[in-house]
1. Being within 16 Å of the chain's Cα centre (by Cα), farther than 21 Å from B:I157 by Cβ and modelled with pLDDT of 95 or more: is that true of A:H79 here?
2. Here are some conditions: (1) at pLDDT 95 or above; (2) surrounded by fewer than 19 Cβ atoms within 10 Å (Cβ to Cβ). B:V13 meets all but one. Which one does it not meet?
3. Among the residues of segment B:252-289 satisfying the criterion of being charged (D, E, K, R) and under 13 Å from B:E50 (Cβ atoms), which is least open to solvent (accessible area, probe 1.4 Å)?
4. Can you find a residue that is without any contact (Cβ under 8 Å) to a residue 24 or more places away in the chain and over 11 Å from the mean Cα position of the chain (by Cα) anywhere in segment B:43-59?
5. Quick check, is B:A154 assigned to a helix (DSSP H, G or I), within 14 Å of chain A (Cβ to nearest Cβ) and open to solvent by 10 Å² or more (accessible area, probe 1.4 Å)?
6. Consider only pairs whose beta carbons are under 6 Å apart and that are at least six residues apart or on different chains; among these, list those whose first residue lies in segment A:201-217 and is without any contact (Cβ under 8 Å) to a residue 24 or more places away in the chain and within 16 Å of A:R278 (Cβ to Cβ) and whose second residue is of a type in the set (D, E, K, R) and open to solvent by less than 10 Å² (accessible area, probe 1.4 Å).
7. Tell me which of these A:D88 doesn't satisfy, since it passes every other one: (1) away from chain B (no Cβ under 12 Å); (2) outside any helix (DSSP H, G or I); (3) more than 21 Å from B:D102 (Cβ to Cβ).
8. Mind checking which helices (runs of 4 or more DSSP H) fall wholly inside segment B:1-57 and carry at least 1 residues that are away from chain A (no Cβ under 14 Å)?
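The values are calculated or read from the model by the stated rules, or taken from the named source; none is laboratory data. Please read these numbers as outputs of a predicted model, since none were measured by experiment. Here the Cβ positions follow ideal geometry from the backbone for every residue, glycine too, while neighbour counts run over all protein chains shown. Keep in mind that these areas ignore ligands, DNA and RNA; they rest on the heavy atoms of the full protein, side chains included. Shrake-Rupley method; radii C 1.70, N 1.55, O 1.52, S 1.80 Å.
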Protein chains: 2
Amino acid sequence: MFQERLAGVAARVAMHLREVMVPFGSEPVIEGMRYASAGGKRLRAFLVMEGARLHGVSDDQAIWAASAVECLHAYSLVHDDLPCMDDDDLRRGQPTVHKKWDEATAVLVGDALQSLCFELLAREECSPDPQVRADLVLSMARAAGAQGMVLGQALDIAAENAARPLTLDEITRLQAGKTGALITWSATCGARLAGADMTALRAYGDALGLAFQIADDVLDVEGDAEALGKAVGKDEEAGKATFVSLLGLGAAKTRAQELVDTACGALSGYGAEAECLREAARFVIARKM
Amino acid sequence: MFQERLAGVAARVAMHLREVMVPFGSEPVIEGMRYASAGGKRLRAFLVMEGARLHGVSDDQAIWAASAVECLHAYSLVHDDLPCMDDDDLRRGQPTVHKKWDEATAVLVGDALQSLCFELLAREECSPDPQVRADLVLSMARAAGAQGMVLGQALDIAAENAARPLTLDEITRLQAGKTGALITWSATCGARLAGADMTALRAYGDALGLAFQIADDVLDVEGDAEALGKAVGKDEEAGKATFVSLLGLGAAKTRAQELVDTACGALSGYGAEAECLREAARFVIARKM
């Protein structure tokens, strides 16, 4: 059930973003935005759509916030791939934006995708209630900015130049920013849209985000470059501390499984309705890509 | 009067941004945000504060939107200065962010300053009315993004690699995005905060923005590098079409003066209360920096 819904969300987000960008024209920076926002698993959008469904928010409404978070995610990937950051030539098996166009275009594509995220959240279609829209913008800005995702990325870069590898506490803080903040935002978005209590979805999102990062570290050791569409073994090569290097492969997998159990347990109040979100959590640590 | 008010706004914005960033800590990316957002003429913030005053919005409230637009402006400068963009070593006479830190930090500083702009606009202190906050976010996202500032910057880069210089129409479109959208946003912000009609301030902002860019082109020919805190003669050296190269120096100055007259005339409904905004328009083409 989860795989079909995920695929459905992915198709819907792709279509929605294409439609939103129709009036934007065809300058290279616009084509770059389309290119960068066209693919991916759409896990964050899926979390938005499922959380919205649990709270009685329609798909037609939730698609706006779901597309917004995918714009934000796409921007972060375009900038992370830049030569001065992670210097990646491939993303999802395709040339990265700075490879297909150039670095200046990649910087601008990321910049404009961040703006587009906030445009989508502030549009009336996202919620008829302006208080909800302002709350979505505020929480997203915090999740994305200097106390969230950007801080995580900055800590990641600092770690590469540090004299000693990071400790488990430091890696956990890094992850909470770099991937966790946006995943938790996505998980709680449906409750925000409905003006409902976010406690359960926040606990789910926090555990899921950490499990996701541990699984990513495991994939960098055990994964297949072709299936992943990106290089593997990069962390070890770079001498980076990861959950795997700090805990060991077996203990890292055990920790990820515990986190998935925590995530699933957090949803008990939603009963069987939340089964698809539980499947998503199990998928995150079982995935091969 | 204008100079004192501008200086007052500059001091107040600097203080406000320092306060806002106190809880952010002291990672290099955060220090870079403080550094990049610390200086400048603060013309955009001034436009916000004056427009707000004309519409009875308190300084304590307007400072939030004024600081937000300065964050957005600062982000655009940090990214524009990157080696892959304009490749500038100096900004306001100081090393640019990628020179003082490194390129990765500069990318992240810009990214986080954009997020911070939207955070400030969405905070309750910016306006007690959530509809106003959502409107500020939406209009800012459009002014900043792929149909506004980023598009202008992309057109500017494309022009450097084009086979022929731009025409006057093309330069005007480029300018409307690159500097015009944010200046018009700033000029109309006070009316937005008050939920008032924006027609007059929009006409003022549109004319002011274009006059500002023409004056910039004139300064690149006639200006003094030391007073400006940046290199001059870059446009001619790069063979770039500018308002000066297309119109000639004399006609460019005449056009700028006409635009200032238009801008001042647009404010007639505000009477003497708007004198400071009129002075600002005259300053924009008389400035030496």
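1. Working: within 16 Å of the chain's Cα centre (by Cα): yes; farther than 21 Å from B:I157 by Cβ: no; modelled with pLDDT of 95 or more: yes.
No, not satisfied.
2. The one condition B:V13 does not meet is (2).
3. Kept after step one, since they are charged (D, E, K, R), are these residues of segment B:252-289: B:253, B:255, B:258, B:261, B:273, B:275, B:278-279, B:282, B:287-288.
Pick out the ones that are also under 13 Å from B:E50 (Cβ atoms) and you get B:273, B:275, B:278-279.
Details: B:E273: 109, B:E275: 62, B:R278: 29, B:E279: 55 Å².
Checked segment B:252-289; the qualifying residue least open to solvent (accessible area, probe 1.4 Å) is B:R278.
4. So in segment B:43-59, the residues without any contact (Cβ under 8 Å) to a residue 24 or more places away in the chain come out as B:58.
Now drop any that are not over 11 Å from the mean Cα position of the chain (by Cα), which leaves B:58.
Yes; the residues of segment B:43-59 include at least one that is without any contact (Cβ under 8 Å) to a residue 24 or more places away in the chain and over 11 Å from the mean Cα position of the chain (by Cα).
5. Numbers: assigned to a helix (DSSP H, G or I): yes; within 14 Å of chain A (Cβ to nearest Cβ): yes; open to solvent by 10 Å² or more (accessible area, probe 1.4 Å): yes.
Yes.
6. Hits for this filter: zero, empty list.
7. For A:D88, the failing item is (3).
8. Working: elements: B:2-20, B:28-36, B:43-54.
Where helices (runs of 4 or more DSSP H) fall fully within segment B:1-57 and carry at least 1 residues being away from chain A (no Cβ under 14 Å), they are B:2-20, B:43-54.
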